[in-house]
Amino acid sequence: MTYEERKTKSWGSKLSDGLKSILIGLILIVAATAVLFWNEGRAVKTADCINEAQSVYVTLPDINTLNTELDGNLVYAQGNAQTETVLEDGRFNIQKNALSLRYSAEYYQWVETKTEREEKNIGGSSEVITTYDYDARWVREPVDSTKFKQADTYRNSVLMKINTDTIYATDVNLGAYRLPDFLYKGIKASEPLAIEEFDEETYAHYGQVLQSNITALTTDQALQQHATTGELDILTPTDVGREFVHVNNDSIYIGRDSLNPRIGDVRINTSYTPASTPIAMVALLNGNSFAKFVGKACKDGYEYSSLYDGQKTAAEIFESNRQENALLKWGLRFAGLLMLFFAFSMLFKLGEALLDVLPFLGNAFRYAGNLLAALLALAWALVVIGIGWLYYRPIHSIILFTIAACLVFLGYILNKKRKERVLATGAVASSNDAKTIDQQDLEN
């Protein structure tokens, strides 16, 4: 389902946009520079913190006995995180002995996709064609259709908004030790949670909410898809709940027919973290519990603690920490590079607009500008990263720059010698040619 809109943009309007783009581009350059520089510092401090943690940690020999001798030390421990807490969620008739209950909800909604293309005219003006595509799909959050270009035609509704916050047990132990929430909330292991059939009271609760919501929706003709006006008034809340709420193993569907979804339908998936889950961790031993480690290298707000699901050695934990740090470092570098590319591209928008008097000139300038923007972005990023190294790792930077300078100098020497050999070879060849000519003259 597509809607197309055409608008003419004058040359003066494009020039004005070009001036605005310069300002936005300059702001983006400052922001990208700050991100890149901060990222280098973050990566260095995190790496230092990990290295220090690995150099001072000790292994907790027995998690089932409180160890006063190691109190205040950074320790490695592994075992099963356990709880006896029974978590309850009346919304879904759930009672489960678990470390956590997790939910994910999706809503069937209209989604608008907007694309633009520009057709340039001689004289500088342009025809801007905007295409709006609409399709119904499952999304994580309800979509505000009042902002659609065709808001009157494609209207979203939601039968019921679902809170998907994770529910955690509050009393979690690792042997004789209590796990603080910053550790046990990092446990990611999960299994599908089978949901029992709702009782009459639960269906009635859903029915009351749905009756109110659907009645409100059916006052608008564009939303009369779940029930006609007055249709639900003759049903009891329990009947409405049974009509619209369907439980299937680890999922709940709110809507009349899961095979033929309608706008506003909701589907919910449930999972849980078992009450006894194997973990491996490194943290500061603090009495009968654990805390975050702050050492000499862990400064400026940087603290260390780490927990992973399953069985891991201490070495594997620290290696995983380093891999995550490297992944984040390169991810932020790439993000900063993209920001710089868009920033420098925007600086050339005014030049493109000026040359759009003749469209082929403007197009050529745009392609050249994008290429130059890519080169400038890469150069700028390398300079900022280099400055970051000088600031946060001066010794490493000096060594690296010295090696780089030596390589450049070596390349210069090798190239110079190559040229000398070429010149020498040329001189010998010329001398031999001259001797050959002289010999021929003598023979004649």
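The values are calculated or read from the model by the stated rules, or taken from the named source; none is laboratory data. No experiment lies behind these values; they were computed from the predicted model shown. Positions of Cβ are generated from backbone atoms using ideal geometry, with glycine treated the same way; all protein chains shown enter the neighbour counts.
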State all residues of region 4-39 that are surrounded by 16 or more Cβ atoms within 10 Å (Cβ to Cβ) and either free of Cβ contacts under 8 Å to residues at least 12 places away in the same chain or outside any helix (DSSP H, G or I) (or both); if no residue qualifies, say none.
LYS9
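The rows are residues; the columns are (1) within 22 Å of ALA105 (Cβ to Cβ); (2) aliphatic (A, V, I, L, M); (3) in a strand (DSSP E or B); (4) in contact (Cβ under 8 Å) with a residue 40 or more places away in the chain.
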site: THR130; (1), (2), (3), (4): no, no, yes, yes
site: TRP138; (1), (2), (3), (4): yes, no, yes, yes
site: GLU141; (1), (2), (3), (4): yes, no, no, no
site: LYS149; (1), (2), (3), (4): no, no, no, yes
site: THR153; (1), (2), (3), (4): no, no, no, yes
site: ASN156; (1), (2), (3), (4): yes, no, no, yes
site: MET160; (1), (2), (3), (4): yes, yes, no, yes
With respect to ASP62, is the statement that it is in a helix (DSSP H, G or I), surrounded by fewer than 18 Cβ atoms within 10 Å (Cβ to Cβ) and not basic (Lys, Arg) true?
no
Considering only region 337-365, state which residues are crowded, with 19+ Cβ neighbours inside 10 Å and under 13 Å from LYS120 (Cα atoms).
GLU352, ALA353, ASP356, GLY362
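Could you tell me which of the residues LEU307, LEU332, LEU328 is more than 18 Å from TYR57 (Cα to Cα) and surrounded by 17 or more Cβ atoms within 10 Å (Cβ to Cβ)? Let's see the steps before the verdict.
Working: LEU307 fails: more than 18 Å from TYR57 (Cα to Cα); LEU328 fails: surrounded by 17 or more Cβ atoms within 10 Å (Cβ to Cβ).
Every option except LEU332 fails the conditions.
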Checking PHE365 against (1) of a type in the set (Phe, Trp, Tyr); (2) farther than 24 Å from LEU26 by Cβ; (3) free of Cβ contacts under 8 Å to residues at least 24 places away in the same chain, the condition it does not meet:
(2)
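Can you spot a residue in region 252-273 that is buried (at least 16 other Cβ atoms within 10 Å of the Cβ) and in contact with a Cys (Cβ under 8 Å, 6 or more places away or on another chain)?
So the first thing to find is which residues in region 252-273 are buried (at least 16 other Cβ atoms within 10 Å of the Cβ), and the list is 252-256, 261, 263-273.
This time we only want the ones that are in contact with a Cys (Cβ under 8 Å, 6 or more places away or on another chain), so: none.
Looking for residues that are buried (at least 16 other Cβ atoms within 10 Å of the Cβ) and in contact with a Cys (Cβ under 8 Å, 6 or more places away or on another chain), one finds none in region 252-273, hence no.
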Condition check for GLU324: at pLDDT below 90 and of a type in the set (Asp, Glu)
no
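Of all the residues that make up region 180-198, how many are part of a loop (DSSP other than H, G, I, E, B), under 16 Å from PRO274 (Cβ atoms) and among the acidic types (Asp, Glu)?
Step one: list which residues in region 180-198 are part of a loop (DSSP other than H, G, I, E, B), which gives 180, 185-190, 193-198.
Next, only the ones that are under 16 Å from PRO274 (Cβ atoms) stay: 185-190, 193-194.
From what is left, the residues that are among the acidic types (Asp, Glu) are none.
Adding up the residues that qualify gives 0.
Here is a list: THR83, THR164. Which entry is of a type in the set (Val, Ile, Thr) and crowded, with 19+ Cβ neighbours inside 10 Å? If you could, list the steps in order and put the result at the bottom.
Values: THR164 fails: crowded, with 19+ Cβ neighbours inside 10 Å.
When all the criteria are applied, what remains is THR83.
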Given the criterion modelled with pLDDT under 95 and in contact with a Lys or Arg (Cβ under 8 Å, 6 or more places away or on another chain), identify the matching residue among SER145, SER157.
SER145
How many residues are closer than 20 Å to GLY287 by Cβ, of a type in the set (A, V, I, L, M, F, W, C) and not in a loop (DSSP other than H, G, I, E, B) when one looks only at region 65-92?
4
Which numbered condition PRO278 misses (of (1) within 28 Å of SER190 (Cβ to Cβ); (2) in a loop (DSSP other than H, G, I, E, B)):
(2)
If the Cβ limit is 6 Å and pairs must be 6+ apart or interchain, which residue in region 101-120 that is under 19 Å from SER145 (Cα atoms) pairs with which residue that is among the basic types (Lys, Arg)?
GLU106/ARG267; VAL111/ARG137
